[in-house]
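Asker: One structure follows; several queries about it will come next.
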Amino acid sequence: MTANEKLTALRAAMKNAGVDAYIIPSADPHQSEYVADHWKIREWASGFTGSAGYLSVDAHHAGLWTDSRYTAQAEHELTGTDWRVHAQNVQGAPEHIQALAESLKPGSVVGCDGRLFSTDSVRAMKKAFDPKDIRLVTNVDLASSIWKDRPAPPPHPVFEHPDWYAGRSRAEKLSLVRQSMQKNAENWRLITTLDDIAWTLNLRGADVESNPTFIAYLVVGDQKSYLFIDDQKVPEEIKIALRHDGVHIKPYNEIDPFLHDLNENQTIGVDPDTLSRHLELAIREASVFNSPTPTQRLKACKNETELRHIRYAMVKDGVALTRAFRWIEQTLAQRTLTEYEIAAMLAQYRSQQADYMGESFNAIVSYKKNGGVIHYRPTPENSAIVEKNDILLIDSGGQYIDGTTDITRTIALGEPTAEQKLHFTLVLKGMIALSMLKFPVGTRGVQMDAVARIPLWEHGLNYPHGTGHGVGYFLNVHEPPQGFTPSWTQRGKTVMEAGMLTSNEPGFYKDGEYGIRIENLIVAVPDEKYPDFLRFDTVTLFPIDQKMTDVSLLDAKEKNWLNQYHQTVRRELAPHLNPEERDWLAQACKEIG
């Protein structure tokens, strides 16, 4: 079926279901950012492959709402269809809901599948619709009837993430959850987010591309716990280990009756930001205590064992990138490349490192004007020819058993223009400023975001995305709750704490010409001099292109930071390289005056 034929089928199903409008998100029943093929309903219906966006359909209009990272991609992918792209003014804002509230007549009915919407999001929708006399119905699943060749739920087995990597045993982590439960007088805590379940149980999976998670629910009790999962996905030795820690296996689909059967004398803790509307309605009699999932913060604040392994994963990643970027340079001296070919070689060089488990996301390799598309991704069918001129942006990452990496470098393949060097250096100054920041305990990401933007602001420039996101530990490359953003979202309002691993990635994008982004991962650590302050350690290890840098724009502190960083990169990576590779690295890390 074409996108327009699917839209026709969707409208017919809407009519049969008695709804005037229908909303399709990008989520699964666990409110995941990246979802298994079975839940890619928005992508199937429209053809838009980005990771963020909503479809909003009524009898007269079919719209895709997505943010600035994806609007150019969406317009390209939806060309020739009846879907219309709407750029969100604020990333993640429910602007599609306001549009429906303004366009629908009083008495209209809006439908959605409540498994794919959180409790909080449904409340926000009702708040917008109720004053307009628009009714929201949350038990409308249209995909099951019209998606005839829908992929089955993923069948991949789970596997252990050993304690010597995790730093805490499964029993210790369950004990920490129970301590939180006792404070809230909870008999049970329902955990629905896949990365939190994986972290808590020291298990990993392969149900979601690039994210080592598995489809499941976890209910922790004061004595025993239940993992709701397809029984065939759990090897017998893991079942035994789980039972030893008081975790019992139940079928995935039995989560509804379990919640339904909780009695009025029991209290269950839930996170309304991630609990689906469907599961909220499944809790019939038990008292509900709303609070953030306790493992979210525990998971975000990496322990010393995790941090030690992460630092070694960065060494492996830096070695792989040294070989990959050297290969790009040498190959372009002989022939052209494609963006897709470069992306494949990045994965190949990473795969040669110990304990590599795959990419942490599909690599962004964008040449010339494609760099202006913030989340551009080359495919075999749509990939630019890369020549030995202009600039190339590469944003990529790896999943290792001992860490998750995410790094962006923008490099000159020829002689950069004065304008390109200016923009690159302004981005670099912002990245260095955030890297060097010392801040009082209790500071939030929204307070720090501007630090990275000031050099660009001074030239009347900006970038349309946040400056950083949390990063998991052999888990999701985008990990709540912390980050750097100019808006008062969860990422912005979360207090930065010691042990939090976060990306630092300011950028600049000139539409139709080029894109620039520089990204390192930084970890918050206590400041040695001021006990009530924190600072950042940079853990990513790879040179920053000096050919793109206008040294005259850097002050003494910035030059010192860059020289010290390159000394660290060289010291950490050189022992793992051959003589030719060490020479290449030495040139890339040469000191600036």
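Asker: Search segment 119-139 for residues being of a type in the set (A, V, I, L, M, F, W, C) and within 28 Å of D196 (Cα to Cα), and hand back the single one that is most open to solvent (accessible area, probe 1.4 Å).
Answerer: A124
Asker: So which pairs qualify, if the first residue must be in segment 401-430 and modelled with pLDDT of 95 or more, the second must be in a helix (DSSP H, G or I) and among the aliphatic types (A, V, I, L, M), the Cβ gap must be under 6 Å, and the two must be at least 6 apart or on different chains?
Answerer: Short answer, once both residue conditions are applied: D402/A313; G403/I310; G403/A313; T425/L553; L426/L456; G430/A452.
Asker: Sticking with this structure for a sec: Got a number for residues in segment 81-90 being in contact (Cβ under 8 Å) with a residue 12 or more places away in the chain, of a type outside the set (S, T, Y) and surrounded by fewer than 21 Cβ atoms within 10 Å (Cβ to Cβ)?
Answerer: 6
Asker: Same structure again: Which of (1) open to solvent by 20 Å² or more (accessible area, probe 1.4 Å); (2) part of a loop (DSSP other than H, G, I, E, B); (3) in contact (Cβ under 8 Å) with a residue 12 or more places away in the chain; (4) not hydrophobic (A, V, I, L, M, F, W, C) does E381 not meet, given it meets every other one?
Answerer: Answer for E381: the failing condition is (3).
Asker: Consider K388 carefully, then state whether it is touching an Asp or Glu at 6+ places or on another chain (Cβ under 6 Å) and in contact (Cβ under 8 Å) with a residue 40 or more places away in the chain.
Answerer: Considered against the rule, which asks whether it is touching an Asp or Glu at 6+ places or on another chain (Cβ under 6 Å) and in contact (Cβ under 8 Å) with a residue 40 or more places away in the chain, K388 comes out as no.
Asker: A further question follows. Inspect all residues belonging to segment 543-565 and state whether any of them is in a strand (DSSP E or B), at pLDDT 95 or above and open to solvent by less than 50 Å² (accessible area, probe 1.4 Å).
Answerer: no
Asker: Another question about this same structure. Yes or no: V477 β-branched (V, I, T), at pLDDT 95 or above, out of contact with any Pro (no Cβ under 8 Å at 6 or more places or on another chain) and open to solvent by less than 10 Å² (accessible area, probe 1.4 Å)?
Answerer: Answer is yes for this residue.
Asker: Now for a separate question. Restricting attention to segment 18-37, which residues are open to solvent by 30 Å² or more (accessible area, probe 1.4 Å) and more than 20 Å from I97 (Cα to Cα)?
Answerer: Y34, D37
The rows are residues; the columns are (1) out of contact with any Leu (no Cβ under 8 Å at 6 or more places or on another chain); (2) within 30 Å of Y349 (Cα to Cα).
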residue	(1), (2)
T494	yes, no
P506	no, yes
E528	yes, no
A574	no, yes
E580	yes, yes
K590	yes, yes
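Asker: For residues that are assigned to a loop (DSSP other than H, G, I, E, B), crowded, with 24+ Cβ neighbours inside 10 Å and either β-branched (V, I, T) or in contact with a helix residue (DSSP H, G or I) (Cβ under 6 Å, 6 or more places away or on another chain) (or both), tally how many sit in segment 193-230.
Answerer: 4
For every residue, the table says whether it meets (1) within 22 Å of L577 (Cβ to Cβ); (2) in contact with a Cys (Cβ under 8 Å, 6 or more places away or on another chain); (3) at pLDDT 95 or above.
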{"position": "Q352", "(1), (2), (3)": "yes, no, yes"}
{"position": "F361", "(1), (2), (3)": "no, no, yes"}
{"position": "Y367", "(1), (2), (3)": "no, no, yes"}
{"position": "H375", "(1), (2), (3)": "no, no, no"}
{"position": "A384", "(1), (2), (3)": "no, no, yes"}
{"position": "K388", "(1), (2), (3)": "no, no, yes"}
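Asker: I want to confirm something. Restricting to segment 1-39 and keeping residues that are charged (D, E, K, R) and touching a residue at least 24 places away in the same chain (Cβ under 8 Å), which single residue is nearest to P155 (Cα to Cα)?
Answerer: Filtering first and then ranking leaves D37.
Asker: Would you be able to tell me the number of residues in segment 129-157 that are under 17 Å from V19 (Cα atoms) and either within 23 Å of the chain's Cα centre (by Cα) or hydrophobic (A, V, I, L, M, F, W, C) (or both)?
Answerer: Summing the residues that are under 17 Å from V19 (Cα atoms) and either within 23 Å of the chain's Cα centre (by Cα) or hydrophobic (A, V, I, L, M, F, W, C) (or both) in segment 129-157 gives 8.
Asker: Within segment 434-450, how many residues are touching a helix residue (DSSP H, G or I) at 6+ places or on another chain (Cβ under 9 Å), open to solvent by less than 40 Å² (accessible area, probe 1.4 Å) and without any contact (Cβ under 8 Å) to a residue 60 or more places away in the chain?
Answerer: Number satisfying all stated conditions: 5.
Asker: Let me ask something additional. Test F258 against the criterion of being at pLDDT 95 or above and open to solvent by 60 Å² or more (accessible area, probe 1.4 Å), and give yes or no.
Answerer: When the stated conditions are applied, F258 does not pass them.
Asker: Hey, can you tell me all the residues within segment 576-593 that are open to solvent by 50 Å² or more (accessible area, probe 1.4 Å) and under 32 Å from the mean Cα position of the chain (by Cα)?
Answerer: H576
Asker: Among all residue pairs at least 6 apart or on different chains, which show Cβ distances below 7 Å where the first residue, located in segment 477-490, is closer than 21 Å to R453 by Cα and the second is at pLDDT 95 or above and open to solvent by 40 Å² or more (accessible area, probe 1.4 Å)?
Answerer: Correct list of pairs: Q490/P480.
Asker: Something else about it: In segment 487-501, how many are modelled with pLDDT of 95 or more and either open to solvent by 30 Å² or more (accessible area, probe 1.4 Å) or under 11 Å from the mean Cα position of the chain (by Cα) (or both)?
Answerer: The qualifying residues number 4.
Asker: From (1) open to solvent by less than 40 Å² (accessible area, probe 1.4 Å); (2) closer than 30 Å to W39 by Cα; (3) among the acidic types (D, E), pick out the condition that doesn't hold for E186.
Answerer: (2)
Asker: Return yes or no: is T568 under 28 Å from the mean Cα position of the chain (by Cα), buried (at least 19 other Cβ atoms within 10 Å of the Cβ) and at negative phi?
Answerer: For T568, the condition - under 28 Å from the mean Cα position of the chain (by Cα), buried (at least 19 other Cβ atoms within 10 Å of the Cβ) and at negative phi - is not met.
Asker: Could you grab the pairs with beta carbons closer than 6 Å, sequence gap of 6+ or different chains, first residue in segment 455-468 and over 13 Å from R517 (Cβ atoms), second one modelled with pLDDT of 95 or more and of a type outside the set (F, W, Y)?
Answerer: Final answer for the pair search is P455/L426; P455/K429; P455/G430; N462/L456.
Asker: Suppose we filter segment 152-170 for residues that are open to solvent by 50 Å² or more (accessible area, probe 1.4 Å), of a type outside the set (K, R) and in a loop (DSSP other than H, G, I, E, B); how many remain?
Answerer: Within segment 152-170, residues that are open to solvent by 50 Å² or more (accessible area, probe 1.4 Å), of a type outside the set (K, R) and in a loop (DSSP other than H, G, I, E, B) number 5.
The values are calculated or read from the model by the stated rules, or taken from the named source; none is laboratory data. The structure displayed is predicted, hence computed values, not measured ones. Neighbour counts run over all protein chains shown; Cβ positions are idealised from the backbone, glycine included. Only protein heavy atoms, including side chains, enter the accessible area calculation; ligands, DNA and RNA are left aside. Shrake-Rupley method; radii C 1.70, N 1.55, O 1.52, S 1.80 Å.
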